[in-house]
Amino acid sequence: MDLSAINPILLLASLMVAATPILLAAIGELVVERAGVLNLGVEGMMITGAVCGFIATITLGSSVLGFAGAALGGALLALVFGILTQVLLSNQVATGLALTLFGLGLAALLGQGYIGIKAPVIPKWPVPVLSDIPVIGPILFNHDPVVYLGILIVAAVWFFLSFTRAGLILRAVGENHDAAHALGYHVIRVRLLAIMFGGACAGLGGAYLSLVRVPQWTEGLTAGAGWIALAIVVFASWRPWRLLLGAYLFGGVTVLQLNLQAAGLAVPVAYLSMAPYLATILVLVMMRAGRAPGSLAQPFHASR
Amino acid sequence: MTTPLLRLSGLTKAYPGVVANQDVSFDVQAGEIHALLGENGAGKSTLVKTIYGLVKPDAGQMALQGAPFVPAEPRAARAAGVAMVFQHFSLFDAMNVAENIALGMENPPPQREIAARVRQVSDQYGLPLDPSRIVGELSAGERQRVEIVRCLLQDPKLLIMDEPTSVLTPQEVAILFETLRRLRAAGTAILYISHKLEEIRALCDAATVLRLGRVVGTCDPRATSAREMAELMVGSSLHVPHKAARPEGDVILTLQGLSAKAPHRFGTALREIDLTVRRGEILGIGGVAGNGQDELVAALSGEIRTARDMVQFDGQGIGHLAPNARRHLGLLAAPEERMGHAAAPDMSLTENALLTAAVRQHLTARGFVRWGKARAFAGSVIAAFDVRTPGAGNTARSLSGGNLQKFVIGREIMQAPALLVVNQPTWGVDASAAAAIRQALLDLAAKGAAVICISQDLDELMEISDRFAALNGGRLSDPRPAQGLNVEQIGLMLGGAHDMEVAHVDA
């Protein structure tokens with residue numbers, strides 16, 4: 001085994017890349033849950049976004065349009081969930097699980113003609129000046145634009161929830177939907193918008209896998225990333241910056257185990273592959289989760 | 001005659017199966033405290049929701065200061081100068097006071113400015129509030145202050161208050177009234193809903209009485225007796241509970257240094273409670289909500305277990321026993337929260353009867369449910385307590401609050417307990433149903449059972465109890481004979497008004 005083959009700067013830089021898909025999906029789900037909705041269909045929305053993004057990139061020949069298509073696909077699938085649970089009052093847990101299964105099947109169907117094609121490379125965008133700083137530069141400021149976008153979205157969500165009136169209303173709807181309704185806020189409208197935002201973010205996360213990380217389309221390429229995103233939302237106590245931390249922890253362990261595999265560590269590969277999931281579960285158990293939004297996963301009907 | 005501030009004419013609203021309001025017309029003048037009276041289900045809530053823009057009427061008009069008033073949603077009503085304090089507080093526990101206030105305002109200023117204005121308004125009306133406190137940690141009185149300040153910040157022309165005093169101590173009520181009179185003097189009209197007729201007599205200038213959705217009368221509450229108003233509401237003469245003289249029985253329950261940790265974060269710990277209760281006696285326990293009422297009921301019913309000898313029933317230590325074992329011995333309890341605690345909302349009345357009565361009424365045999373017997377028992381509760389429902393197969397949720405309360409209390413009384421513990425037996429229940437429940441408790445005691453009645457309604461406690469004690473911060477005061485206690489003494493026993501002060505700025 002040769003641990004010296006592991007370059008810590010490269011490791012940390014690739015940690016940010018590895019964490020981005022989960023980060024994107026999780027920040028979307030965080031907003032959904034803060035609005036009081038539990039959407040367990042993150043995995044399904046991610047993989048739908050992955051395939052939509054891939055198809056859009058290949059057919060339209062633009063990565064930007066690809067990511068836009070991924071966001072649109074994820075949001076549309078989420079809207080199905082939103083209409084079922086918010087308008088038709090179906091059970092959120094069952095509908096979310098169904099959405100995951102449906103999304104996996106739908107993505108496999110849509111992606112049939114695209115297996116084996118390679119996605120165009122997305123160039124890195126080194127931040128001028130900052131990327132020249134030794135050590136920190138290559139770790140933080142030499143990535144593709146989507147990595148920056150992920151962090152920007154986290155910051156924007158934090159700002160939105162903490163400092164804007166719309167964010168306050170969204171939290172109010174998630175905290176006590178009956179009181180919010182009594183004060184005249186449109187609970188279902190707010191929730192549908194949140195659900196679609198969540199779907200769009202999950203779609204972006206999925207597209208990052210199919211366009212940057214892999215980068216090609218294969219069935220089941222999300223491999224449980226959506227579930228990890230759901231877990232990280234709880235681990236982060238529904239707070240954006242802690243969510244960033246959680247995503248980097250998972251991404252870090254993922255990258256580390258890949259590096260250890262490459263370095264030939266004398267531990268069976270199966271155990272190493274387990275490590276990121278085990279680490280996430282362990283942290284979830286050790287961290288005391290914060291208080292969930294008061295109306296989380298409860299159905300809302302104006303007459304009750 | 002001047003234009004009234006608010007004129008309602010011919011308001012009608014029907015829901016499938018019920019007409020909530022039919023042809024309701026009356027005026028509210030500026031600078032008037034106008035009482036809206038009626039039993040549960042008389043249509044008061046629908047009416048105020050219509051004024052606040054939450055309900056669209058099927059027919060009829062409203063006019064505010066002479067101009068047509070058709071609020072499409074609460075925002076429009078708020079913009080027009082109508083504010084409302086809800087019966088079930090419309091607050092968000094996890095948010096702070098300033099955020100809660102911002103949510104109830106149309107164009108809220110930045111948080112910092114809200115904090116400053118909250119301080120200003122609370123000074124002006126003697127309603128101290130810290131804008132940065134988390135609402136979940138406030139007492140019921142403080143939570144109501146948040147709602148009131150939220151309304152006052154918008155300079156309302158009309159303030160609607162739905163049952164504002166049900167959770168307050170007498171001192172807090174006095175301070176609230178002082179605030180309301182001050183508002184009246186400033187020209188604000190107040191539409192005031194309450195079951196407490198004596199309060200209305202003390203406070204209001206005019207009253208409109210609703211029965212079954214129609215206006216059945218108006219009166220000047222200052223010149224009408226509480227009994228006359230109650231009879232207007234009910235439409236027949238009111239039954240006043242009759243308290244018979246009872247011989248003093250032997251001791252049935254002894255609490256010795258009963259202490260228990262708070263069961264959850266917002267709970268209250270019980271501290272060193274000593275108490276004896278005799279057969280045939282009704283012990284009334286007063287106290288502001290959140291001073292250990294729920295925990296005391298739980299410790300008596302067996303939901304919280306303690307050391308064996310802290311709770312002694314008929315000379316036997318039972319502090320370690322679970323609820324069903326206590327039921328077997330004859331100790332029954334009816335908790336405060338009807339939906340979800342005393343009754344499972346989506347189960348039928350038969351199933352709900354089974355849940356607490358299976359032990360004493362032998363409704364199960366060898367692990368199987370005896371449905372016939374269970375139905376018969378539920379039916380007998382419904383008949384004996386005049387529970388208005390199509391049948392025992394209906395869900396608990398489908399009953400109105402008063403009817404479900406009659407069922408929940410009746411279910412325990414029909415099991416012939418040796419000791420019955422009830423918490424808030426008539427909370428949110430209309431006058432005639434409340435009188436029936438109180439009479440049933442008195443009858444139970446006359447038959448030789450002991451009753452512990454925990455309530456925030458002091459009039460109720462004075463009406464039925466033989467002895468009175470107060471809970472304050474998880475401690476129980478020494479019980480005193482209820483006869484001869486006056487409001488001041490009771491207020492002192494309750495621990496007085498919680499950090500409230502009377503308004504002190506000249507309006």
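Rule-based calculations on the coordinates, nothing more; no lab input. Since the structure is predicted, the reported quantities are computational estimates derived from the model, not experimental observations. Cβ: placed from backbone, ideal geometry, glycine included. Neighbour counts: every protein chain shown.
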Handout entry: Three-way shape call for the stretch A:32-184 based on the alpha-carbon gyration tensor, with the a/c threshold at 1.5
Key = oblate
Exercise for the section: State the extension gain, in nm to one decimal, for the chain segment bounded by B:S9 and B:L212, taking 0.36 nm per residue of separation less the distance between their alpha-carbons. Expected result: 71.4 nm
Problem - the stretch B:101-260 shape via C-alpha gyration tensor axes, a/c threshold 1.5 - result: oblate
Handout entry: Three principal axis lengths of chain A [C-alpha, angstrom, descending]
Key = 66, 44, 42
Completion exercise
Between the Cα axis of helix A:8-34 and the main Cα principal axis of chain A, the angle (0 to 90°, nearest 10) is 10
Completion exercise
Scoring chain B by relative contact order with C-alpha pairs under 8 Å, at least six apart, yields a percentage of 16
Handout entry: Label point distance in nm, B:R75-B:T2, each placed 7 Å from Cα along Cα→Cβ
Key = 3.2
Fill in the blank from the handout: Fewest-first ordering of A:M45, B:M347 by Cβ atoms within 10 Å yields B:M347, A:M45
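Per-residue ellipticity at 222 nm for the protein assembly as shown, helices alone: DSSP H runs ≥ 4 residues times -39500 (n - 2.57), over residue total, nearest 500 deg cm²/dmol?
Calculated from helices alone, the mean residue ellipticity at 222 nm is -14500 deg cm²/dmol.
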Problem - Kirkwood hydrodynamic radius (C-alpha pairs) into Stokes-Einstein, the protein assembly as shown, 25 °C and 0.890 mPa s, D in µm²/s - result: 81
Problem - Angle in degrees between helix A:187-208 and the longest Cα principal axis of chain A, rounded to the nearest 10 - result: 10
Problem - Separation in nanometres of the label points that stand 7 Å from Cα toward Cβ, at B:A446 and B:Q61 - result: 5.5
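Could you work out, residue by residue across A:156-169, how many beta carbons of other chains sit within 10 Å of that residue's beta carbon, and then give the average as an integer? Intermediate results must be reported in sequence, preceding the final value.
Numbers: counts 0, 0, 0, 0, 0, 0, 0, 2, 0, 5, 0, 0, 8, 2.
Per residue, the number of nearby Cβ atoms from other chains is 1 on average.
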Practice task
Quick one: order A:M286, B:M414, B:M84, B:M229 by neighbouring beta-carbon count within 10 Å, fewest to most.
Solution key: A:M286, B:M414, B:M229, B:M84
Fill in the blank from the handout: Here the Cα Rg-to-2.2 N^0.38 Å ratio for the stretch A:159-304 is 1.30
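Give the calculated FRET efficiency between B:R271 and B:S380 to the nearest 0.05, with a Förster radius of 60 Å applied to their Cβ-Cβ distance.
The calculated FRET efficiency here is 0.90.
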Practice task
Filter the GluC sites (Glu not before Pro) in the stretch B:307-402 down to the DSSP loop ones having no more than 15 other Cβ atoms within 10 Å, then list what survives.
Solution key: B:E337
Exercise for the section: Starting from the Cα of B:H320, step 7 Å toward the Cβ, then list every residue of the stretch B:287-308 with an amide N under 11 Å from that point. Expected result: B:306-308
Handout entry: Ascending count of other beta-carbon atoms within 10 Å, so fewest first, for A:K124, B:K406
Key = A:K124, B:K406
Fill in the blank from the handout: Filtered hits (lysines, Cα-Cα < 27 Å from B:K157, offset >= 8 within chain) -> B:K13, B:K44, B:K49, B:K56, B:K196
Handout entry: Cβ-based net charge around B:A449, under 11 Å, with every Lys or Arg adding one and every Asp or Glu removing one
Key = +1
Practice task
Report the residues of the stretch B:319-338 in range of a label on B:R388: point 7 Å along Cα→C-beta, backbone N strictly under 19 Å from it.
Solution key: none
Exercise for the section: With unit charges on the beta carbon (Lys/Arg positive, Asp/Glu negative), name the residue among B:A289, B:G319, B:A343 whose Cα is farthest towards the positive pole of the charge dipole of the stretch B:255-347. Expected result: B:G319
Practice task
May I ask for the Rg/Rh ratio of the stretch A:14-60, computed from Cα atoms with Rh as the Kirkwood radius, given to two decimals?
Solution key: 1.07
Completion exercise
About its Cα centre, the protein assembly as shown carries a charge dipole, from +1 on Lys and Arg Cβ atoms and -1 on Asp and Glu Cβ atoms, whose size in debye to the nearest 20 is 1340
Exercise for the section: Rounded to the nearest 10 degrees, what's the angle between the helix A:225-235 long axis and the longest principal axis of chain A, both from Cα atoms, 0 to 90? Expected result: 70
Practice task
Give the value in nm², to one decimal: projected area of the alpha carbon convex hull of the stretch A:64-109, averaged over all directions.
Solution key: 3.4
Completion exercise
Taking only the alpha carbons of chain B, the radius of gyration and the largest Cα-Cα distance, Dmax, both in angstrom, are 23.7, 76
Problem - Size descriptor, Kirkwood hydrodynamic radius, that averages inverse alpha-carbon separations across the stretch B:6-234, Å - result: 18.0
Exercise for the section: Calculate the radius of gyration of the Cα atoms of the stretch B:251-493 to one decimal place, then report Dmax, the largest Cα-Cα distance, as a whole number, both in Å. Expected result: 17.2, 56
Practice task
Would you mind working out the magnitude of the charge dipole of chain B relative to its Cα centre, with +1 at each Lys and Arg C-beta and -1 at each Asp and Glu C-beta, to the nearest 20 Debye?
Solution key: 1360
